[in-house]
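The values are calculated or read from the model by the stated rules, or taken from the named source; none is laboratory data. In this text, all values refer to a predicted model and were calculated from it rather than measured experimentally. When we count neighbours, we look across all protein chains shown, and the Cβ atoms used for this are built from the backbone with ideal geometry, even at glycine. Just the protein is used for accessible areas: all its heavy atoms, side chains included, with ligands, DNA and RNA removed. Shrake-Rupley method; radii C 1.70, N 1.55, O 1.52, S 1.80 Å.
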Amino acid sequence: MIWRAILFLFGVPVAVVAGICLVWLVLASPVLLVAGYAGWMPRELAIDYATLPALFLATCAALETILRLVVSRLDDEIRTGGFISFWWRYWWSRLGRQRPP
């Protein structure tokens, strides 16, 4: 249940931002590229503004891939109880040994 709430809280704003980026790419980018080609604005600036949403979406996709990898790895470790429980026991035992006499 908590995962659904987290997905709802983060998924809806992300979907809205992605929709805005896609609308920008479909409607505004061609106008900006034509304006840069026609000389109404500097060409480099027009290309930068036209491709900015694509770069943002690519960055978000890369971050999502990394986040999915971390979450799936943690999910596997929590489910099996192997790696995380080993390190938890190891760190807990080290904390007990580090107390001064």
Is one or more of the residues making up region 15-27 at pLDDT 85 or above, open to solvent by 90 Å² or more (accessible area, probe 1.4 Å) and more than 28 Å from the chain's Cα centre (by Cα)?
no
Log entry, pairs with first residue in region 33-61 being under 11 Å from Cys21 (Cβ atoms), second being among the aromatic types (Phe, Trp, Tyr) and modelled with pLDDT of 90 or more, beta carbons closer than 6 Å, six or more apart or on different chains, reads Pro53/Trp24
Can you tell me which condition Arg94 does not meet? The list is (1) modelled with pLDDT of 75 or more; (2) closer than 30 Å to Val14 by Cα, and all the others hold.
(2)
Of all residues in region 44-61, count the ones that are over 20 Å from the mean Cα position of the chain (by Cα), surrounded by fewer than 15 Cβ atoms within 10 Å (Cβ to Cβ) and not aliphatic (A, V, I, L, M).
2
Counted residues, region 28-43 - those being part of a helix (DSSP H, G or I) and surrounded by 11 or more Cβ atoms within 10 Å (Cβ to Cβ):
11
